[in-house]
Structures are given as structure tokens and as C-alpha cells.
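J.: Sharing a structure here in C-alpha cells format.
Each reported figure results from applying straightforward, stated rules to the coordinates on display, with no laboratory input. Quick caveat: nothing in here was measured; it's all calculated off a predicted structure. Please note: Cβ atoms are built from the backbone with ideal geometry, for glycine as well, and neighbour counts cover all protein chains shown.
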Amino acid sequence: MSAEPAWATHLMPSDRLSTVDEHVERIVGALQPLEPYDQPLLECLGLPICETVVAPMDLPSFDNSAMDGYAVSYDDVVSASVDQPVHLPVTGEMAAGQTRMLALSPGTSVRIMTGAPVPRGADAIVPVEWTDAGLASVRITRAPQRGEHVRYQGEDVRIGDVLLDEGTVMGPRQLGLLASVGRGQVRSRPRPRVVVISTGAELRDPGATLGHDSIFDANSFMLAACARSAGAIAYRVGIVSDDPDEFRDALSDQLVRADLVVTSGGVSKGAYDVVKEVLSELGTVSFGEVAMQPGKPQGFGFVGEDATPIITLPGNPVSSYVSFEVFAVPAIRRLMGRPPYSRPSVGAVCTQGFSSAPDRAQYVRARLEVEGARTTVSRVGGHGSHLMGDLAEANALIVVPAETVRVDSGSTVQVLALDRGF
């Protein structure tokens, strides 16, 4: 008999409610970051790199002009003023990208453009605004300092300098730095491919005709958008009915392109909870309840020959969204190798009091406002797990601990700011 997989010890017990932290750790502890490889720079935006990048060249790589103007010898123009301008012949022109290198003779000038190589013998640039913009000769009415407006080789980066440490998250500025030293690729982990499946015979795609007993599928669009916002590549699968064979086939078809599968619906205790029915047969996905509201029924495990992780979420839209934020986002960030895995909380002053159900953490839809040094948060709407209008209005979740049954107006609460990156 084969040994039990290492992740099996992390699966959810079914005989008691887990805490939120336990379930997060169960998921994160069972996953490993994806294997890194060299990727094009733009593909690495938002991803941590898996190498230390050392400068292969100086920046700038040659002395060049910071201004449009004239390359001169400082000693020739030091006395220039409006009352006593200096006149110099113009012996040539240097444009950016020009390969022919000029040398400056004493007592002369070279017309030069921004980014162009500084001629040998020149040690200052006179901006065109300080001259009459002459072509054959130039009248200079103001003297630069020695070295002024010259970008010297290596003044920004020296060859061998450490540009980015391993683990640095690639943003636009980091991409620009690597591109400036000629790096077209960098080693990083890929974006996780997240397959999102909604189940339910009552679901219809937006744009379809609704029957009296059907609803539009919001979850798959919302969760796919959540996955993309978290940095993953999201694949939204068409609606799957409550037929076990259909769900089994759809899941099997999608595993080839999935690093993580997220389902919504079919995980409660009803007669048509197809996700729970099918995955329970496999013996590699565990279902249980988490002490939270909304989002109590949860499941996690692995499916398929490649042991693809799967997170099963409840079907009510608010429950599904909150569960994705709390459990699926840490899984995505773990696969990317990007800590922190869970969204950090911030303290805010609650503007209104409310009661909270005991023995379970509450995730209350709210509106977070920052005015100067004061951060406040206000509840949005009711408790119902179907209230999508309230969810869309909210930009935060107030996290009420399981042992708290009352939040007083003016008290400081912990808040997950949903629209802030981390």
C-alpha cells in the first residue's frame, strides 16, 4: 500500500468547526510555490523574482548629454555673461544614436542633442536656452559649471552592482531597470492558472433568457475577476449543472490547464450538492465547516493524477466572495511564492455599533474611509449572503472575532481593505 501523501495530514477534520486561521494554514501548508523559470519581463509584473540580478554594464554606458545645447570646454566659456557673451564656432553636431564620435578642439563647440555621446575633450554642456541657437557659430550668454548637464558613465549603476535582490516583486520601475541594462528575461515563478467552476441547475449565463426559477451566474465572473486581481491567470468554465457525471467530466477536462481549481456551490448538506458528492468519492478532498460567517461550509484537497489543489466554496455570492478572499487568495500567493499570504488588516474606528453572532468570526461588509490621520469604517447593508448590491458598495470587511458579540460605536476594529494591493 502506498504511503499517505504529505498533504493528507493537512486536510480538514469533519467532526468540528475549524477556525479561519486553521483552514488558511491547512491550505497554505499543503501547497508549494510553482517552479520558477526565465520569463519575459512583462510577464513578471507583480511576481517575485527567483534570482539576484547583478548589473552586466554601467548606467549610463557612456558619457552623454542631459540637455539639448552645445558641448564645450568649461575653460572656454567660464566668463560668459549677457553683457560679455562668448562666441565659439560650431564644428559639428552629435545626435542621440549617432555612432560617429567627435573630438572637441579647444576654442570650439559641438551642437549636441539630449542623450547624445559627449565629444572627447568636452566637460560641460551649455543648454540651448543660454545661447542664440546658432548653427555655424554660437553666442553663449551664461556659463555652466564644470561637468554640468553631463551624464557620466556609471554614475547611476556600476557593472557588478546588485540591481535587485531575490524575492523582489517586479513593478514597473524594476522592469524598467532590468530593461535598461539589457535584460529581456528574469527568473520568476509563473502566474498560477486558476480554473473557476460554478455549479447549479438554476444558473444561466448573463444575456440568456431567465426562467421563473433561474438566476444569472455571477459567481464565476466575480471569482475569475478575483483570481486575476490576485495576480493569477483565470479560466472561467461554463456553468455546470447538478449532474454528477457532468461535473466529473468538466473537472477532468480542466485539470490539464489548472494549478488551482476553485468551485462555488454544491458543498452544503443538500440532496443536490454535486461538488461534495463527486469529490467525496475521490477520498482526497475533505469537507467541513469553518467558524465564520458568511462562508461556513468549505472544502479543500487535491484531484487528478497531478494532485491539483482544489478549493470548494459555498454558492451564495457574498459567502463565495468572502471565502475566496480569505482562503483562495492566500493559496494563489503561496503558489506565486509571494508572502504575505493573507491580506493584512488595518485598524479603523467603527462609526456605528452592531451585534455579532457568537462562536464564529464575522466578515461584515463595510466602507473604509481615510481622512487625514483618521481612518473610519461603516457597515454597508445587511447580513444576507445574497446581497450583491451591498457587496459592490463595500470596499472593506470588518473582521469581528468569534468571541466578540458586540461592536460599539467609536471602538477600533480590524478591517480587510479589499481594494488595496499587497
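J.: Gap in Å between the Cα centre of the stretch 26-90 and the Cα centre of the stretch 232-267?
T.: Between the Cα centres of the stretch 232-267 and the stretch 26-90 lies a distance of 46 Å.
J.: Quick one: work out the % antiparallel among DSSP beta bridges in the chain, nearest 5.
T.: If we restrict to bridges inside the chain, about 70 percent are antiparallel.
J.: Something else about it: Over all alpha-carbon pairs in the stretch 64-151, figure out the percentage whose distance exceeds 23 Å.
T.: 8
J.: Using each residue's phi in the stretch 66-80, evaluate 6.51 cos²θ - 1.76 cosθ + 1.60 at θ = phi - 60° and report the 3J(HN,Hα) Karplus result to the nearest Hz, with x for Gly and Pro.
T.: With coefficients 6.51, -1.76 and 1.60, one gets 8, 9, 6, x, 9, 7, 9, 8, 3, 4, 7, 10, 4, 8, 5 Hz.
J.: Let me ask another. Tell me what the chain gives for mean residue ellipticity at 222 nm when only DSSP H runs of n ≥ 4 count, each as -39,500 (n - 2.57), the sum divided by the residue total, rounded to 500 deg cm²/dmol.
T.: -5000 deg cm²/dmol
J.: Moving to a separate point now. If the elastic network links every pair of Cα atoms under 10 Å, which of Glu277, Glu129, Glu246 fluctuates the most in the Gaussian network model of the chain?
T.: Residue with maximal mean-square fluctuation among Glu277, Glu129, Glu246: Glu129.
J.: How big is the gap, in Å, between the Cα center of the stretch 143-220 and the Cα center of the stretch 280-296?
T.: Here the answer is 33 Å between Cα centres.
J.: Sort 223-231, 354-362, 307-315, 60-68 for me by packing, meaning the mean count of neighbouring Cβ atoms within 10 Å per residue, highest on top.
T.: 307-315, 223-231, 60-68, 354-362
J.: How long are the three semi-axes of the equivalent ellipsoid of the chain, in whole Å, if each is the root of 5 times an eigenvalue of the C-alpha gyration tensor, listed from largest down?
T.: 61, 26, 19
J.: Right, something else. For the stretch 354-365, what does the Karplus curve 6.51 cos²θ - 1.76 cosθ + 1.60, with θ = phi - 60°, yield as ³J(HN,Hα) per residue in whole Hz, taken in order and with x for Gly and Pro?
T.: 7, 8, 9, 5, x, 6, 8, 5, 9, 10, 9, 4
J.: Using θ = phi - 60° and the Karplus relation 6.51 cos²θ - 1.76 cosθ + 1.60, list the HN-Hα couplings for the stretch 285-296 in order, rounded to whole Hz, with x at every Gly or Pro.
T.: 10, 10, 10, x, 10, 10, 6, 8, 8, x, x, 4
J.: For the chain, modelled as a Gaussian network with Cα springs under 10 Å, which listed residue fluctuates most, Pro48, Pro119, Pro401?
T.: For the chain, modelled as a Gaussian network with Cα springs under 10 Å, the answer is Pro119.
J.: Within a Cβ distance under 10 Å of Gly295, other residues only, what is the Lys/Arg minus Asp/Glu net charge?
T.: Residues near Gly295 contribute 0 overall.
J.: Ok, one more. Please check: in the Gaussian network model of the chain (C-alpha springs, under 10 Å), which one of Gln298, Gln98, Gln352 has the largest mean-square fluctuation.
T.: Greatest mean-square fluctuation among the candidates belongs to Gln98.
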